[in-house]
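Below is one structure; the comments refer to it alone.
The values are calculated or read from the model by the stated rules, or taken from the named source; none is laboratory data. What you are looking at is a predicted structure, and each value in this text was computed from that prediction instead of being measured. Note: ideal-geometry Cβ built from the backbone for every residue, glycine included; neighbour counts use all protein chains shown.
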Amino acid sequence: MSDELFTIRAAGEGDLPAINMMADAEGMGNVEPTDTVFVAVNNEDQVVAFIRLVFDNERGCHVNPVVVFPTWRRYGVGKALTEYALDRFGELRLVSRGQSLAFYQAQGFEEVPWDMICASVASECEGCEMREECHPTPLRKVK
């Protein structure tokens, strides 16, 4: 057993039930086995958070999304997942929704024009009934 509170690794197919349970709780669709996903796991190898990445040849690597199990929030798990992805890919882009803007700004993400966000990620906000409430903001950070 490790002294670390959590570790990060690539998600495996056995992690999908926990990932999709967390995604469903956040009102998202299922994560697919072919998606690029990294998980934070506790000392018992149970998923406590995940980050899904979407790649676009023109616009790079996009976070879509970071989800942390409620009892694991405020332990640095989301930040660690974001830093892990940034270290691997050098640049991250995303759309901050709801209350997450301060979280990303505290990590140094900066607002960018919508055309810097890949179409598959940006399209989730187009015509969304909750757009006014959620205030989607396109962001980017380069290592």
Query - Qualifying position, being hydrophobic (A, V, I, L, M, F, W, C) and closer than 26 Å to residue 12 by Cβ, among 80, 106, 102, 122 - result: 80
Report task. Report, by residue number, each residue of the range 8-34 that is farther than 21 Å from residue 97 by Cβ, without any contact (Cβ under 8 Å) to a residue 60 or more places away in the chain and in contact with a helix residue (DSSP H, G or I) (Cβ under 6 Å, 6 or more places away or on another chain). Result -> 33
**Report entry** Boolean, residue 84 is in contact (Cβ under 8 Å) with a residue 60 or more places away in the chain and more than 12 Å from residue 64 (Cα to Cα)
**Finding:** yes
Report task. Determine whether residue 70 is buried (at least 17 other Cβ atoms within 10 Å of the Cβ) and either touching a residue at least 40 places away in the same chain (Cβ under 8 Å) or out of contact with any helix residue (DSSP H, G or I) (no Cβ under 6 Å at 6 or more places or on another chain) (or both). Result -> no
Report task. Search the range 17-65 for residues being among the acidic types (Asp, Glu) and loosely packed, with under 14 Cβ neighbours inside 10 Å, and hand back the single one that is nearest to the chain's Cα centre (by Cα). Result -> 26
Report task. Could you tell me whether residue 118 is over 14 Å from the mean Cα position of the chain (by Cα), buried (at least 16 other Cβ atoms within 10 Å of the Cβ) and either at pLDDT 85 or above or not polar (S, T, N, Q) (or both)? Result -> yes
